[in-house]
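Let me begin by presenting the structure, written as structure tokens, before commenting on it.
All of the numbers you see were taken from the coordinates with simple rules; none came from a lab. Model, not experiment: these values are computed from the prediction. Cβ sites come from the backbone with ideal geometry, for glycine too, and all protein chains shown count toward neighbours.
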């Protein structure tokens with residue numbers, strides 16, 4: 001008796017799960033922000049380097065729109081793009097580069113044009129106190145320095161390669177990590193001595209790491225575009241969120257995390 | 001036969017079979033050979049084979065004595081020790097990777113000593129991959145071998161002892177041959193689990209082609225750059241696992 005009952009519960013939960021994923025394909029027409037109070041869930045897929053800043057933006061957006069529940073999925077940009085291509089229910093995508101964004105747009109997964117909302121610069125991340133005495137990109141190739149990078153498919157990894165190339169530095173990383181946050185955590189843990197990440201990541205990690213600036217001549221400016229994903233089930237909230245990110249309020253919040261303004 | 005049970009069983013079976021079908025249907029078969037013989041693939045395959053076989057060897061050397069201890073010696077805390085040494089079977093592999101970092105990483109409990117004494121660090125090395133795989137896979141071997149030891153007829157060991165064989169000789173010449181099938185099953189399960197290891201490896205050993213990038217890591221990163229190739233590599237891993245499970249069914253699950 002008990003067994004049959006629990007089996008039915010499992011089946012019901014399973015069927016309910018099937019049903020909810022089935023109607024994600026329904027598309028809503030593009031909508032502009034309406035005066036009607038916003039509501040429902042908003043699923044924002046954002047690059048790993050936006051973890052701290054977007055979490056804060058989400059909180060203030062929810063405070064301004066009490067009916068909306070913002071949920072974030074932070075990962076390396078290519079991971080997010082793959083997830084959206086495979087039908088993950090995203091309403092908004094904030095990418096750490098234009099290449100991945102353009103790819104998704106070309107494949108028809110975005111609603112309307114993307115908006116650039118921030119820029120970022122690269123910085124060398126090292127352990128607090130810079131024990132290996134790293135002063136610039138050339139020092140990453142020194143013997144005894146364990147340098148790790150992001151995989152070339154991750155925007156930060158691609159930018160790192162550009163920066164190293166422009167400085168004429170040849171260095172083989174010990175590991176190609178899947179995201180910026182993975183590089184930072186290996187520096188924090190002391191497993192690696194140096195990596196190249198965004199300035200904002202060094203700021204966000206606080207006293208757990210230190211940063212070494214990369215001169216403007218060799219630095220690469222990362223461009224962050226944001227877009228509403230086609231097939232969003234909450235278009236009103238999605239457009240409101242992207243507008244909020246590029247608004248004066250959103251921009252000053254991003255600036256407080258070290259991002260450079262969109263324009 | 002109650003119809004409800006049949007229907008639920010069918011749903012249950014479909015739940016496992018449909019994802020496999022998806023992989024098979026969506027794989028670009030025409031490009032399979034190109035994807036399989038690409039230098040990066042071969043490198044990952046070679047590393048995976050080496051690391052998983054080494055992990056299995058390490059599992060045999062360290063795991064069989066543990067299994068023997070659990071099956072033959074009554075001591076306080078035996079159940080707790082068994083639970084601790086088989087924990088990675090249920091632990092998320094990433095957690096295993098973090099634990100390994102905190103123990104054997106450059107600043108870890110043992111790792112910092114290794115580093116200062118021998119100038120030797122494990123993360124970002126193939127040795128690190130082998131450790132991560134052994135950590136996750138060895139419990140399968142321990143449990144299989146322990147079951148084999150418990151179910152074997154101990155009178156052969158006693159007979160050998162009364163005939164004057166030393167304990168070590170009995171162990172190597174009587175016990176081990178008698179549990180041969182369990183040893184084999186345990187080793188194959190351990191190897192298959194090591195071959196598929198992802199979370200602990202990427203966390204503890206990192207990811208670099210030819211050094212620490214095993215097949216599952218290559219599949220994960222290829223999904224973002226070359227999806228077709230990642231489907232093909234996934235299929236290879238899937239076929240290996242399937243062959244192992246079908247081949248072992250009688251030993252591991254008991255004959256149907």
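Odds and ends about this structure:
- Remark: relative contact order (the range A:36-151) = 24 percent; criterion is Cα-Cα distance under 8 angstrom and separation of 6 or more residues.
- Ranking of A:193, A:201 by neighbouring Cβ atoms within 10 Å, starting from the fewest: A:193, A:201.
- Eigen-decomposition of the gyration tensor built on the alpha-carbon atoms of the range B:156-221 gives equivalent ellipsoid semi-axes of 42, 12, 7 angstrom, largest listed first.
- Percent of Cα-Cα distances greater than 34 Å, calculated over chain A: 27
- Shielding score for A:172-178, defined as the mean number of other chain Cβ atoms within 10 Å: 6
- Ordering B:169, B:30 by the number of other Cβ atoms within 10 Å of each residue's own Cβ, fewest first, gives B:30, B:169.
- Annotation: Cα Rg of chain B relative to the compact-globule expectation 2.2 N^0.38 Å equals 1.17.
- The range A:169-224 versus the range B:165-199: alpha-carbon centroid distance in Å: 45
- Only helices enter this figure: runs of n ≥ 4 DSSP H residues, each worth -39500 (n - 2.57), summed and divided by the residues of chain A, yield -12000 deg cm²/dmol at 222 nm to the nearest 500.
- Peptide ranges A:93-106, B:150-163 listed from the most packed, as the mean C-beta count within 10 angstrom indicates: A:93-106, B:150-163
- Rounded, prolate or oblate (a/c below 1.5 giving rounded, otherwise prolate when a/b exceeds b/c) for the range B:1-100 by Cα gyration tensor: oblate
- Square roots of 5 times each gyration tensor eigenvalue, C-alpha, the range A:94-211, largest first, Å: 28, 15, 12
- Fraction of antiparallel bridges per DSSP, the protein assembly as shown only, in percent to nearest 5: 55
- Prolate/oblate/rounded label for the range B:127-256 (Cα gyration tensor, a/c 1.5): prolate
- Applying 1/(1 + (r/R0)^6) with r as the Cβ-Cβ distance of residue A:64 and residue B:150 and R0 = 45 angstrom yields a FRET efficiency of 0.10.
- With only Cα atoms counted, the protein assembly as shown has Rg and Dmax values of 26.8, 94 Å.
- Once the Kirkwood radius over Cα pairs is known for the range A:162-263, the Stokes-Einstein relation at 20 °C and 1.002 mPa s delivers a diffusion coefficient of 131 µm²/s.
- Over chain B, relative contact order from alpha-carbon pairs under 8 Å, at least 6 apart, %: 29
- Ratio of Rg to Rh over the range B:76-127 (Cα coordinates, Kirkwood Rh, two decimals): 1.10
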